[in-house]
1. What does the extension gain come out to for residue 33 and residue 46, with contour length at 0.36 nm per residue minus their alpha carbon separation?
2. Using the alpha-carbon atoms, what tilt in degrees (0 to 90, nearest 10) does helix 72-88 show relative to the longest principal axis of the chain?
3. Just want to confirm a number: the relative contact order over the stretch 5-60, from Cα pairs under 8 angstrom separated by 6+ residues, in percent.
4. Compute the length gained on full extension between residue 17 and residue 88: take 0.36 nm times their separation in residues and subtract their Cα-Cα distance, giving the result in nm to one decimal.
5. Checking a compactness column here: for the stretch 3-88, what do you get for Rg(Cα) / (2.2 N^0.38 Å), N being the number of residues?
6. With a/c under 1.5 counting as rounded, go ahead and sort the stretch 1-44 into rounded, prolate or oblate using the C-alpha gyration tensor (a ≥ b ≥ c being the square roots of the eigenvalues; past the cut-off, prolate if a/b is larger than b/c, else oblate).
7. Pop the C-beta distance of residue 24 and residue 77 into the FRET formula with R0 = 35 Å and round what comes out to the nearest 0.05.
8. What is the angle, in °, between the Cα long axis of helix 33-58 and the longest principal axis of the Cα atoms in the chain? Nearest 10 is fine, range 0 to 90.
């Protein structure tokens, strides 16, 4: 994994951990439901950002190498898999 992307992903995951702890506290403290949903949505968006970073890394490293090596079928299958996963959300 590219070091810059790894650092960004790890930083974002630490932020998400804090968000999850805050979300847990909100539920425990029985905060207003809409506020809880808003915070939950923020966590989902943050996780999506981590996924984007990992995909960026994959395309810049693994996919690039697969393309150079002529592994077009494998590359296409992986891209389609990621696309289908994104459609399920």
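What follows is calculated from the coordinates using simple rules that are stated; it is not laboratory data. Fair warning: this is a prediction, and the values are worked out from it, not measured in the lab. A quick note on method: Cβ atoms are made from the backbone with ideal geometry, for glycine too, and the neighbour counts reach across all protein chains shown.
1. On the way: separation 13, 0.36 × 13 = 4.68 nm, distance 2.00 nm.
So the chain would gain 2.7 nm between residue 33 and residue 46.
2. Around 20 degrees separate the two axes.
3. Working: 22 pairs, mean separation 31.2, N = 56.
Over the stretch 5-60, the number comes to 56 percent.
4. 23.2 nm
5. On the way: Rg = 17.3 Å, N = 86, 2.2 N^0.38 = 12.0 Å.
The stretch 3-88 yields a ratio of 1.45.
6. Working: a/c = 6.20, a/b = 2.91, b/c = 2.13.
The shape class here is prolate.
7. Values: r = 38 Å, r/R0 = 1.09.
Efficiency computed from Cβ-Cβ geometry: 0.40.
8. 20 degrees
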